[in-house]
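In what follows, a single structure is set out as structure tokens and then discussed.
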Amino acid sequence: MGGYTPLYPFFHKYFPLFSTLRYPVKFLFLVVFYLCVAAGLGLDVLRNRFTKIRHPPYWCQGLLVAVVLIMATLFWFARLHPEQIKALAQQWGLTFLKPAHLPLVLHNFNRMLVVTVLVLLVIFFGLRHRLVRLGSPLLLMLLTLDLFLGSRGYALKLDAATFHDENSVISTLRADPDLFRFHVLPEVKELKVSPKSYAEDYQMRKEILGINLMMEHHLFDIRGYNIPLQPSYEKLLGFILSKPLASIHPLLDLLNVKYVLTAKPVDIQGFSWILDGPGTIKLYENHRSLPRAFLVKQFQVLNSDQEYARAFIELTFDPGSTILLDGAPTRFLEQEQKPTVPNLESAVRVVTYENNRIVLEVDSPEAAFLFMSEAHYPGWKAYVDGREEEILRADYVFRAIPVGPGTHRVEVVIEPLSFKIGLAVTVLTMVLLLTGWAFATIRKKRA
């Protein structure tokens, strides 16, 4: 799928709503479902044709022979001239065909050609009544063989000890009881060398805190999980990855980044060396890291992505005391009218931190914003003392919740409308199916 499918760019550019799918796997299940239905219908047609007495028309037989010859020619050309395939790909502008991926692509292409030729031969002889009884079973056997050959080696095995093993860097991070994130500088990836085995590759990826791997150790990476992220966060992350460490220090503070993995020594105020990892890898602690959630009283209103970009580049605001908003915070302005609590000290305590639920206890002597270093995403709801409160988009990608003076219990949970709609549709569909089945059963008994 994606760039390796010739029709994908066309659909992405011209098909309505197609470009809103950030990841091909989001619609892959639909493609598989339709292909299964089409394959089943086609198999029924072929099975009926295999049992008929009359021969297929000559043009049909000629078409099958021509397709077989074309496929065989392509297979021969791809096997003997892989470099010319690469040259043609570059000539046609297929820049997505990376040289490192070419052997695998050619292997799968050749496998597809061989299976296609065999399937067409079965269909050809089946239609000519050479394989009347064996046609359908042979097609199923070829399909099964193709699935096994295509999927072989996709899911690699790894022993449990290697999977759960912790190196010195991971152990150091896990020993810190605070809630924090870490950041791996892009230069660290360049230290990775070609491994001799999958187990060695896994260990090497662990040494550089590879993406996706730290979920096993309950460590938070600012890169998130390895799927396309929310567009606004993807822009911010791209900005961070493209700049030197010294210029993105305040943004890392905002992202609750307490540790940074580098490939060379760092001499920046606020960072201190913790330990040396394998090779030239070094782990530094960021002493200016902001908490995952804290109170802020000042705000600025920005009107465009360009203004946000300028604020991040020029650092025209202090992330620890001021937040950037898209519009005037009506609820906060209402909370400001309430009397203050002078003897109360500002504090935010994390009570519960789960994937779908975060509970905080907040002490605020006056009206403030509860800033959360969490992605602002549709479907999240905030409840302050049991009352739903608006979640504002703060600092372009984060969350801010207005709170009044006093002590509050803030609960943030994921309650997406799409899930509720899907649940309702599923329940309604099940009810209709059961009702239809019941009526059909009753009518059959009466008949």
Please enumerate the residues belonging to the stretch 285-329 that are of a type in the set (A, V, I, L, M) and more than 20 Å from A368 (Cβ to Cβ). A309, A311, I313, L315
Spot the failing condition for Y225; the list is (1) within 27 Å of the chain's Cα centre (by Cα); (2) assigned to a strand (DSSP E or B); (3) without any contact (Cβ under 8 Å) to a residue 60 or more places away in the chain, and only one is missed. (2)
Could you grab me the full set of residues in the stretch 169-197 that are exposed (fewer than 13 other Cβ atoms within 10 Å of the Cβ) and assigned to a helix (DSSP H, G or I)? S171, P186, E190
Can you find, within the stretch 348-367, the residue that is surrounded by the fewest Cβ atoms within 10 Å (Cβ to Cβ) among those that are of a type in the set (A, V, I, L, M, F, W, C) and modelled with pLDDT of 95 or more? V351
Is it the case that the stretch 417-435 has a residue that's touching a strand residue (DSSP E or B) at 6+ places or on another chain (Cβ under 7 Å) and over 23 Å from V341 (Cα atoms)? no
Can you pull out every residue in the stretch 281-292 that is more than 16 Å from I222 (Cβ to Cβ) and in contact (Cβ under 8 Å) with a residue 60 or more places away in the chain? I281
Hey, could you check the stretch 103-128 for residues that are over 16 Å from L74 (Cα atoms) and surrounded by fewer than 16 Cβ atoms within 10 Å (Cβ to Cβ) and say which is modelled with the highest pLDDT? L104
Going through the stretch 307-333 one residue at a time, which ones are surrounded by fewer than 17 Cβ atoms within 10 Å (Cβ to Cβ), out of contact with any strand residue (DSSP E or B) (no Cβ under 8 Å at 6 or more places or on another chain) and either polar (S, T, N, Q) or not in a loop (DSSP other than H, G, I, E, B) (or both)? E307, A309, R310, I313, E314, T316, T330, L333
Which one is surrounded by the fewest Cβ atoms within 10 Å (Cβ to Cβ), of the residues in the stretch 398-416 that are touching a residue at least 40 places away in the same chain (Cβ under 8 Å) and not in a strand (DSSP E or B)? P405
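The values are calculated or read from the model by the stated rules, or taken from the named source; none is laboratory data. Note that the coordinates shown come from a computational prediction; the quantities given were computed from them, not determined experimentally. As a convention, Cβ positions derive from the backbone with ideal geometry for all residues, glycine included, and neighbour counts pool all protein chains shown.
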